[in-house]
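Working notes for the structure below.
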Amino acid sequence: MRLSNYFLPLLKETPSEATIASHRYMLRAGMVKQDSAGIYIWLPLGFKVLKKIEKIVREEQNKAGAVEILMPTIQSSSHWKETGRYDAYGPEMLRIKDRGDRELLYGPTNEDMITDMFRTYVKSYKDLPQTLYHIQWKFRDERRPRFGVMRGREFLMKDAYSFDVDLESARLSYNKQFVAYLNTYDRLGLKAIPLRADTGPIGGDLSHEFLILAETGESKVYCHSDLLDMEAPGSVMEKDLQEVVDSRTSFYARADDMHDQSKFDEIPKDKQVVARGIEVGHIFQFGDKYSKPMNANVQGANGRVSPVMMGSYGVGVSRLVGGIIEASHDENGIVWPKSVTPFGVGIINLKVGDDDVDRVCEELYEIFEKSGIEPLYDDKNDRGGQKFARMDLIGLPYQIIVGPRGLKDGIVEVKVRISGEKKELSFEDAVNYIISEYEV
Ligand code: 5CA
């Protein structure tokens with residue numbers, strides 16, 4: 001992409017409503033624009049990151065055996081009345097009437113709808129287990145939308161729903177998602193810790209939140225520091241799933257509402273972590289909470305008919321855009337992990353109109369376009385200082401700076417955004433260095 005042809009509306013001043021880094025930088029870097037409270041337009045740069053996160057979430061869901069569908073944003077109230085949630089959900093639910101005075105709502109989550117869909121088709125254990133997911137916009141009329149996309153009213157969620165014939169098999173489905181979550185956050189460049197959690201309005205008896213640590217997080221977290229040093233499990237055989245889950249959950253890790261100080265005190269002092277965190281995912285096992293009132297029954301191998309056992313699994317896809325920035329930024333702007341960066345490399349032309357500089361920049365541009373490392377080429381006729389600040393702000397992992405002085409000696413400059421380290425390299429070495437950094 002050429003910057004001269006891109007839509008990147010940067011802000012010089014920090015809008016006063018933005019109190020945390022991710023919100024400030026998302027506004028300043030032209031990633032989102034608030035349209036009304038908690039509702040955002042995703043501008044090109046933000047949209048690109050959102051899509052990259054979505055892709056990683058999708059790939060890990062598919063690897064875990066979940067199957068993608070797409071449910072509508074607008075739901076009929078009827079399913080919610082069947083489960084009793086229509087009244088229970090309260091003012092967070094946006095209720096709408098159509099021209100025929102029928103009650104509709106903008107979905108805050110989809111358990112009720114998917115249970116209805118499921119009961120239409122599946123009646124036997126032979127078609128189980130099954131996990132279905134979608135990545136779809138939700139609406140919750142939050143009392144206090146804040147921190148930009150972190151607590152929006154309209155937000156993008158991946159929500160998966162598992163269906164099993166009994167509790168034992170439901171536990172396996174839960175564990176698969178648990179492991180998929182660890183791998184997903186790892187690929188996003190995040191250290192996410194699973195905490196035992198309250199089930200809230202979703203209900204059920206087993207639940208974990210996944211939190212990333214950040215000073216501006218809304219939840220207070222207590223945990224064992226060894227949990228933070230654990231690597232993502234990668235692909236795990238079915239027979240080993242429980243062990244992997246146990247290895248993560250045996251450590252004390254709780255949010256404020258589930259915190260037991262006496263248990264925490266048993267952890268050696270030098271291993272105690274008290275921090276703040278951002279909830280980037282939440283998984284629930286709730287058995288027959290929805291299937292029972294909706295008569296979503298299946299016949300087991302023994303011939304007995306009983307409600308299907310369910311779980312649901314949410315990832316805050318749009319919240320993650322802010323969460324990743326909270327975890328990775330400095331005083332000059334965002335520092336994108338390679339896996340979600342909107343562009344792989346920034347090319348800075350320090351003298352637009354100079355034949356040599358233009359030619360080298362064009363060659364670099366072409367090479368990176370071909371190699372799939374999407375370049376963002378700053379071909380605008382601005383001052384160097386402005387270009388540097390702009391490129392730092394939007395946070396691409398690598399920059400190649402091309403100016404007439406270096407070119408005289410056959411040299412371009414490569415800047416590594418995260419460390420600020422600068423290397424003077426030949427054209428070929430610069431290209432090879434950046435390409436090799438993106439090879440896995
Ligand atoms: N049905 C279940 C799981 S599919 C559910 O809705 N879970 S949830 O309420 O915990 O939401 C799942 C994830 O969505 C949360 O972990 C959080 O990351 C994200 N999320 C929830 N509310 C908001 C919000 N107002 N703005 C942005 N993200 C949100």
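Between a first residue in the stretch 1-27 that is free of Cβ contacts under 8 Å to residues at least 24 places away in the same chain and a second residue that is of a type in the set (S, T, N, Q) and open to solvent by 40 Å² or more (accessible area, probe 1.4 Å), which pairs have beta carbons less than 6 Å apart while being 6 or more apart in sequence or on different chains?
Close Cβ pairs satisfying both conditions: Arg24/Thr14.
Which one of Gly322, Gly314, Gly384 is at pLDDT 95 or above, outside the structural domain of Met113 (by TED's automatic domain parsing) and small (Gly, Ala, Ser)?
That would be Gly384, the only listed residue that is at pLDDT 95 or above, outside the structural domain of Met113 (by TED's automatic domain parsing) and small (Gly, Ala, Ser).
In the stretch 223-267, how many are over 27 Å from Ser173 (Cα atoms) and in contact with a helix residue (DSSP H, G or I) (Cβ under 9 Å, 6 or more places away or on another chain)? It would help to see each step written out before you state the result.
If we filter the stretch 223-267 for residues that are over 27 Å from Ser173 (Cα atoms), which is where we start, we get 225, 256, 260-267.
With in contact with a helix residue (DSSP H, G or I) (Cβ under 9 Å, 6 or more places away or on another chain) added as a condition, the list becomes 225, 267.
Within the stretch 223-267, residues that are over 27 Å from Ser173 (Cα atoms) and in contact with a helix residue (DSSP H, G or I) (Cβ under 9 Å, 6 or more places away or on another chain) number 2.
Could you grab the pairs with beta carbons closer than 6 Å, sequence gap of 6+ or different chains, first residue in the stretch 421-434 and over 18 Å from Asp356 (Cβ atoms), second one surrounded by 14 or more Cβ atoms within 10 Å (Cβ to Cβ) and at pLDDT 95 or above?
So the pair list comes out as Lys422/Glu413; Lys422/Lys415; Lys423/Val414; Ile434/Val345; Ile434/Tyr398.
Evaluate the stretch 309-331: report whether one residue or more is at positive phi and either out of contact with any Phe, Trp or Tyr (no Cβ under 8 Å at 6 or more places or on another chain) or in contact (Cβ under 8 Å) with a residue 12 or more places away in the chain (or both).
no
Which one of Asn295, Asn302 is on the phi > 0 side of the Ramachandran plot, at pLDDT 95 or above and outside any strand (DSSP E or B)?
Criteria check complete, one pass: Asn295.
Output the number of the condition that Ala253 fails; it satisfies all remaining conditions of (1) modelled with pLDDT of 95 or more; (2) touching a strand residue (DSSP E or B) at 6+ places or on another chain (Cβ under 9 Å).
Evaluating Ala253 over (1) modelled with pLDDT of 95 or more; (2) touching a strand residue (DSSP E or B) at 6+ places or on another chain (Cβ under 9 Å) leaves (1) as the failure.
Of all the residues that make up the stretch 307-335, how many are within 10 Å of the ligand (Cβ to nearest atom), open to solvent by 10 Å² or more (accessible area, probe 1.4 Å) and assigned to a strand (DSSP E or B)?
Number satisfying all stated conditions: 2.
Among the residues of the stretch 146-158, which ones are more than 7 Å from the ligand (Cβ to nearest atom) and open to solvent by 10 Å² or more (accessible area, probe 1.4 Å)?
Residues of the stretch 146-158 more than 7 Å from the ligand (Cβ to nearest atom): 146-148, 154, 156, 158.
Within the stretch 146-158, Arg146, Phe147, Glu154 meet the criteria.
Does at least one position in the stretch 258-270 carry a residue that is modelled with pLDDT of 95 or more, among the basic types (Lys, Arg) and closer than 21 Å to Phe178 by Cβ?
no
If we only count helices (runs of 4 or more DSSP H) wholly inside the stretch 10-127, which ones have 1 or more residues that are under 25 Å from Glu142 (Cα atoms), touching a Pro at 6+ places or on another chain (Cβ under 6 Å) and of a type in the set (A, V, I, L, M, F, W, C)? Walk me through how you get there before you give the answer.
Values: elements: 21-28, 44-63, 77-83, 85-88, 111-121.
Counting at least 1 such residues, we get 21-28, 44-63.
Being in contact with a Phe, Trp or Tyr (Cβ under 8 Å, 6 or more places away or on another chain) and either crowded, with 16+ Cβ neighbours inside 10 Å or over 30 Å from Arg187 (Cβ atoms) (or both): is that true of Glu363 here?
Taking the combined requirement at face value, the residue satisfies it.
Mind listing whichever residues of the stretch 388-438 are β-branched (Val, Ile, Thr), touching a strand residue (DSSP E or B) at 6+ places or on another chain (Cβ under 6 Å) and open to solvent by 20 Å² or more (accessible area, probe 1.4 Å)?
Listed by number, the list holds a single entry, Ile411.
Do you know which residues across the stretch 1-36 are over 30 Å from Phe368 (Cβ atoms), small (Gly, Ala, Ser) and open to solvent by 50 Å² or more (accessible area, probe 1.4 Å)?
Ser16
Conditions tested, residue by residue: (1) in contact with a strand residue (DSSP E or B) (Cβ under 9 Å, 6 or more places away or on another chain); (2) away from the ligand (no atom under 12 Å from the Cβ); (3) free of Cβ contacts under 8 Å to residues at least 60 places away in the same chain.
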{"site": "Pro91", "(1), (2), (3)": "no, yes, yes"}
{"site": "Arg99", "(1), (2), (3)": "no, yes, yes"}
{"site": "Thr109", "(1), (2), (3)": "yes, no, no"}
{"site": "Asp116", "(1), (2), (3)": "no, yes, no"}
{"site": "Leu128", "(1), (2), (3)": "yes, yes, no"}
{"site": "Lys138", "(1), (2), (3)": "yes, no, no"}
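Checking Glu266 against (1) closer than 15 Å to Ser124 by Cα; (2) free of Cβ contacts under 8 Å to residues at least 40 places away in the same chain, which test does it fail?
Unmet for Glu266, out of (1) closer than 15 Å to Ser124 by Cα; (2) free of Cβ contacts under 8 Å to residues at least 40 places away in the same chain: (1).
Identify the residue in the stretch 136-145 that is buried (at least 20 other Cβ atoms within 10 Å of the Cβ) and assigned to a strand (DSSP E or B) and, among all such residues, is farthest from the chain's Cα centre (by Cα). Don't jump to the end; show me each part of the working.
Quick first cut of the stretch 136-145, residues buried (at least 20 other Cβ atoms within 10 Å of the Cβ) only: 138-140, 145.
Narrowing further to those that are assigned to a strand (DSSP E or B): 138-139.
Values: Lys138: 14, Phe139: 17 Å.
That would be Phe139.
Any residue at all in the stretch 64-87 that's more than 25 Å from Thr199 (Cα to Cα), open to solvent by 10 Å² or more (accessible area, probe 1.4 Å) and among the small types (Gly, Ala, Ser)?
Within the stretch 64-87 (the criterion being more than 25 Å from Thr199 (Cα to Cα), open to solvent by 10 Å² or more (accessible area, probe 1.4 Å) and among the small types (Gly, Ala, Ser)), the answer is no, since none of the residues qualifies.
Does the stretch 116-129 include one or more residues that are among the basic types (Lys, Arg), open to solvent by 60 Å² or more (accessible area, probe 1.4 Å) and farther than 18 Å from Pro201 by Cβ? Reasoning before the result, please.
Residues of the stretch 116-129 that are among the basic types (Lys, Arg), as a first pass: 119, 123, 126.
The next check asks that each one be open to solvent by 60 Å² or more (accessible area, probe 1.4 Å); those that pass are 123, 126.
Subsequent filtering for residues that are farther than 18 Å from Pro201 by Cβ retains 123, 126.
Yes: one or more hits.
Looking only at the stretch 289-306, filter to residues that are of a type outside the set (S, T, N, Q) and open to solvent by 50 Å² or more (accessible area, probe 1.4 Å); which one of those is nearest to the ligand (Cβ to nearest atom)?
Ranking the qualifying residues of the stretch 289-306, first place goes to Lys289.
Has the stretch 313-331 got any residue that is touching a Lys or Arg at 6+ places or on another chain (Cβ under 7 Å) and among the charged types (D, E, K, R)?
no
The values are calculated or read from the model by the stated rules, or taken from the named source; none is laboratory data. Worth saying up front: this structure is predicted, and the values here are computed from it rather than measured. Note that we place each Cβ from the backbone using ideal geometry, even for glycine, and neighbour counts take in every protein chain shown. Note: accessible area is taken over every heavy atom of the protein model, side chains too, but ligands, DNA and RNA are not part of it. Shrake-Rupley method; radii C 1.70, N 1.55, O 1.52, S 1.80 Å.
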